[in-house]
1. Conditions first: (1) of a type outside the set (Phe, Trp, Tyr); (2) in contact with a Lys or Arg (Cβ under 8 Å, 6 or more places away or on another chain); (3) modelled with pLDDT of 95 or more. GLN100 passes all but one, so which condition is the exception?
2. Are any residues in region 110-133 under 16 Å from GLN100 (Cβ atoms) and over 14 Å from the mean Cα position of the chain (by Cα), and if so, which ones?
3. Since PRO49 meets every condition but one in (1) farther than 22 Å from LEU166 by Cβ; (2) in a loop (DSSP other than H, G, I, E, B), which condition does it not meet?
Amino acid sequence: MKSLILRLNSYFCSALVCLSLIACAGDALQSGVDPFAPMVFKEGTTAMPLNPPNKGTLQPFYVSQATIFKFAVDTNSILIGADGVTRYIVVITNPSGETQAQYEGIRCDSFQWRLYGNFENGTWKENPLAAWRGISSHVANRYQAALAQGAFCNMAIQEKNIQNILRNLNSNSFSGSIAPPPF
């Protein structure tokens, strides 16, 4: 009988020690760190570019058959942010040859884009109404979709390797919007 009581006492003490260790580990809900909770997007600071687009590093890319504009991205301006945003300068040329340069960002996880500013009169002007907007794939001037699908994103994941982005932007392999075959 005495050995039974000693055995039960040792089991009880072992259980008490295990429960104490588990309690010390902390509760994810009380500590505020839930590994299964969805991540909340927190954008890093974005500084406007210091220089105008570099004509020597502009890489044209195909957008759609329906657009009348030409699009190019300044490959020197591409920044792969740790916050999940790929920032870049895009140059848009209209049929009469006039250009407009914009500094933008793309989020692959939510398929959104943001206009940070425009290059006007030799300086970058910040967009005071900058907000994240959904990327549309069903419009003629769908250049954000072409960049996201063809170079900056691998499905819904940001491409982290600049060499892969540059290779994807190459006009021979760009797949952001494949030109239809000639009739």
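The values are calculated or read from the model by the stated rules, or taken from the named source; none is laboratory data. From a predicted model like this one, the values you see are computed outputs, not experimental measurements. Don't worry about glycine lacking a Cβ; one is built from the backbone with ideal geometry, like all the others, and counts go over all protein chains shown.
1. So the condition that GLN100 fails would be (2).
2. Within region 110-133, TYR116, GLY117, ASN118, PHE119, GLU120, ASN121, GLY122, THR123, TRP124, LYS125, GLU126, ASN127 qualify.
3. (1)
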